[in-house]
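First up is the structure itself, then whatever we jot down about it.
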Amino acid sequence: MNADAGHRTLPHTADTRIQAWAPTTGECIAQAVLGMADSFLDLRGAAAGSECDLHVGPGEPQDQLVAVLDEVIYLMDTTGQIPINVATQQEENRLSLHLTMADLTTVPQTGAVPKAVALHQLTFEHRAGQWTCTVTLDV
């Protein structure tokens, strides 16, 4: 990941709110994925167990963000795996993500597990050479 990229959890009354930033939309989405994982797990020391590729077709960045986060939540529910590293590749308006996954049962849980992506107050914008997204996760 780029040194100009990152993520953080924002205060929210009932749900989990994540903000991510990076120089490209793909890296910003990758940071949001890691931010979601960090919001309820202690990933320090997490061991890679498998790998997974996701491909997102053309669309607006916020739609791609929702598609990726929805897919990661689905993978958590169906495979018991969580991304601990995300590499992205953008080609025109398409996005490919390579996820390094860890088994959820081996990672300490520190918060509420996200169940869905909320569309209200979703933002994805470009300012001063940096992409920033903010998303609320229902828990």
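The values are calculated or read from the model by the stated rules, or taken from the named source; none is laboratory data. Treat the numbers as computed from the prediction; the structure is a model and nothing was measured. Using ideal geometry, Cβ is built from the backbone for each residue, glycine included, and neighbour counts are taken over all protein chains shown. Remember, those area values only see protein heavy atoms, side chains included, never the ligands or the DNA or RNA. Shrake-Rupley method; radii C 1.70, N 1.55, O 1.52, S 1.80 Å.
Just to verify a number: what accessible area does Asp70 come out at with the full protein assembly present, 1.4 Å probe, Å² rounded to tens?
70 Å²
Carbon and sulfur: what percent of the chain's accessible surface (1.4 Å probe)? Display every interim value, and only then the final one.
Numbers: 3290 of 6980 Å².
C and S atoms contribute 47 percent here.
Hey, with R₀ at 25 Å, roughly what FRET efficiency would Thr9 and Glu51 work out to, going by the Cβ-Cβ distance, to 0.05?
Using R0 = 25 Å, I get an efficiency of 0.45.
Give me the net charge of Leu99's neighbourhood, meaning all other residues with Cβ under 9 Å from the Cβ of Leu99; Lys, Arg count +1, Asp, Glu -1.
Result for the local shell: -2.
Can you pull the Kirkwood radius for segment 15-98, inverse mean 1/r over Cα pairs, to one decimal in Å?
13.2 Å
Accessible area per residue for segment 24-75 in Å², computed with a 1.4 Å probe and the full protein assembly in place, what is it?
I get 40 Å² per residue for this part.
Go ahead and set up a Gaussian network model of the chain, Cα springs under 10 Å, then flag whichever of Glu71, Glu92, Glu27 fluctuates most.
The residue that fluctuates most here is Glu92.
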